[in-house]
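Data block below; observations after.
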Amino acid sequence: MPTYNIVLLPGDGIGPEVVHETRLVLEDLAPAFGFNIQFETHLLGGCAIDATGHPLPDETLAACRAADAVLLGAVGGPKWSDPAASVRPEQGLLGLRKGLGLYANLRPIKIFPQLIDASSLKPEVLAGVDMLVVRELTGGVYFGPRSEAGEQRSEVGGQRSAYDTMVYSAEEVARVVRVAARAARQRSGRLVSVDKANVLASSRLWRTVTTQVMAEEFPDVELEHQLVDAMAMHLIRRPADFDVIVSGNLFGDILTDEAAMLAGSMGMLPSASLGSGPAGLFEPIHGSAPDIAGQGVANPLAAILSAAMLLRHSLGQESAARAIEQAVERALQAGYRTPDLASVAAPDQTIEVVGTQAMGAVVREYLRSIPN
Ligand code: IPM
Ligand code: MG
């Protein structure tokens, strides 16, 4: 029986609550699918700053490097968000992505039919939405040269200024495009690449390299280029037209929050960050939600669905991944909703509003009834 080593990084805010429920799901499921999981828990983000002074302690990075996969809750919160602070929780997350070489961030946006009314968009616009955004994660303006000390004073006139730089190398573009193109090949055979090539030099490189990689290595996948501003519009006007989308770090960050709103609640969306090997970092795309932290009302489903991605991408346990996804769907079908989704039900459906733990328990109960 294989034993997998999984590092848990509960982080801040609602992170610990949703990670706890996810751990229980994995613990329940592993023996039924013929494997063992060993968990180790480490500090990342604000809680790590409080305990050690650093958002990403060396010990955490070392444990993650040695793990088969990492499951993260969320980082950040008002306690650590003073713009003048020299250390911030988010630096821990960025350092982890970079330190593990996780250059491709997969964010599937799929609408659960039971939740279609949770979106602010009309159901007819949303019908059939099922897309995968592949965001470049370790380059671009997030990691380019910047004014390290925050703001600077220029020599002339003493004006205050600060800068960040968007830099992409051809290889950084090529490798993430390959990830997206392979996904497109397994899905619809279509890929949309998003950039701002009418203004930015780094985007012109992005476009040239993407065109070249696709022509040479993926002639069977249809490629379309979109400018990021137009893409922001298309995403809410005709979201069902898109399948796989690839973009740089910042544009991907923005577009995935927008795309998340198609699905209604951030509470439902998982993500996977992958590098050149199978080990990856899996996290719900929602944040730490400090306003509801510690109340037992956070929606654990995005974290639980992130565990499904972990099983699929890092452990190769596809049937266990599917079982989790089916159990989540059954819980929704049966009418269970955390408060973020409390108002969403079909006209003929009775819903039951439950907290974090009860939702986790319902998923585990359905899991037991799904044959492996
Ligand atoms: C995300 C988040 C992060 C990012 C923050 C927390 C640093 O918004 O994962 O989308 O910008 O990448
Ligand atoms: Mg974001």
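The values are calculated or read from the model by the stated rules, or taken from the named source; none is laboratory data. Everything numeric here is computed off the predicted structure, so don't read it as measured data. Note that we place each Cβ from the backbone using ideal geometry, even for glycine, and neighbour counts take in every protein chain shown. Accessible surface areas use protein heavy atoms only, side chains included; no ligands, DNA or RNA. Shrake-Rupley method; radii C 1.70, N 1.55, O 1.52, S 1.80 Å.
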### Query
Excluding ligands and nucleic acids, what accessible area in Å² is computed for residue 329 using a 1.4 Å probe, to the nearest 10?
70 Å²
### Query
How big is D for the stretch 154-226, in µm² s⁻¹ as a whole number, if Stokes-Einstein is applied with the Kirkwood radius of its Cα pairs at 10 °C and 1.306 mPa s?
115 µm²/s
#### Entry: Listed residues 134, 246, 221, most fluctuating in the chain (Gaussian network, C-alpha, under 10 Å)
221
### Query
Gain in length, residue 291 to residue 229, computed as 0.36 nm per residue apart minus the alpha-carbon separation, to one decimal in nm?
19.2 nm
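Using a Förster radius of 56 Å, what is the FRET efficiency between residue 159 and residue 35 based on their Cβ-Cβ separation? Nearest 0.05, please. Mind showing how you got there, number by number?
Numbers: r = 60 Å, r/R0 = 1.06.
For R0 = 56 Å, the calculated efficiency reads 0.40.
Determine the relative contact order of the chain: mean sequence separation of Cα pairs under 8 Å and six or more apart, normalised by residue count, in whole percent.
Relative CO of the chain lands at 21 percent.
From the helices alone, meaning DSSP H stretches of at least four residues, give me the mean residue ellipticity at 222 nm for the chain, per-run term -39500 (n - 2.57), in deg cm²/dmol to the nearest 500.
On the way: 12 runs with 147 residues, N = 372.
For the chain, the value works out to -12500 deg cm²/dmol.
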### Task
Please find, in a Gaussian network model of the chain (springs between Cα atoms separated by less than 10 Å), the residue of 278, 31, 239 whose mean-square fluctuation is greatest.
31
### Message
Give me the net charge for the shell around residue 357: Cβ to Cβ below 15 angstrom, other residues only, Lys and Arg +1, Asp and Glu -1.
### Response
-3
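Evaluate the relative contact order of the stretch 310-372 (contact order divided by residue number), counting alpha-carbon pairs under 8 angstrom at least 6 apart; express in whole percent. Present the calculation step by step, with values, prior to reporting the outcome.
Working: 56 pairs, mean separation 23.0, N = 63.
Averaging sequence separation for qualifying contacts and normalising by length gives 37 percent for the stretch 310-372.
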### Message
If you roll a 1.4 angstrom probe over the protein chains with everything in place, what fraction of the accessible area of the chain belongs to carbon and sulfur, to the nearest %?
### Response
52 percent
### Query
So for 171, 148, what's the accessible-area order with a 1.4 Å probe, most first?
148, 171
### Query
In debye, nearest 20: dipole of the stretch 159-237 around its Cα centre with unit charges on the Cβ of K, R (+) and D, E (-)?
220 debye
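Of 6, 49, which has the most accessible area and how do the rest follow, probe 1.4 Å?
Working: 6 0, 49 25 Å².
These residues rank, largest area first, as 49, 6.
Give me the accessible area per residue for the stretch 120-263, probe 1.4 Å, as a whole number in Å².
With the other protein chains kept in place, the stretch 120-263 gives 49 Å² per residue.
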### Query
Any idea which of 317, 43, 20 is furthest toward the positive side of the dipole for the chain, if Lys and Arg beta-carbons carry +1 and Asp and Glu beta-carbons -1?
317
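How high is the relative contact order of the stretch 120-263, in percent, with contacts defined as C-alpha pairs under 8 Å that are six or more residues apart? The partial results should precede the final answer.
Details: 226 pairs, mean separation 53.7, N = 144.
37 percent.
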### Task
Under 13 Å from the Cβ of residue 285, count the other residues' Cβ atoms, weight Lys and Arg +1, Asp and Glu -1, and hand me the total.
-1
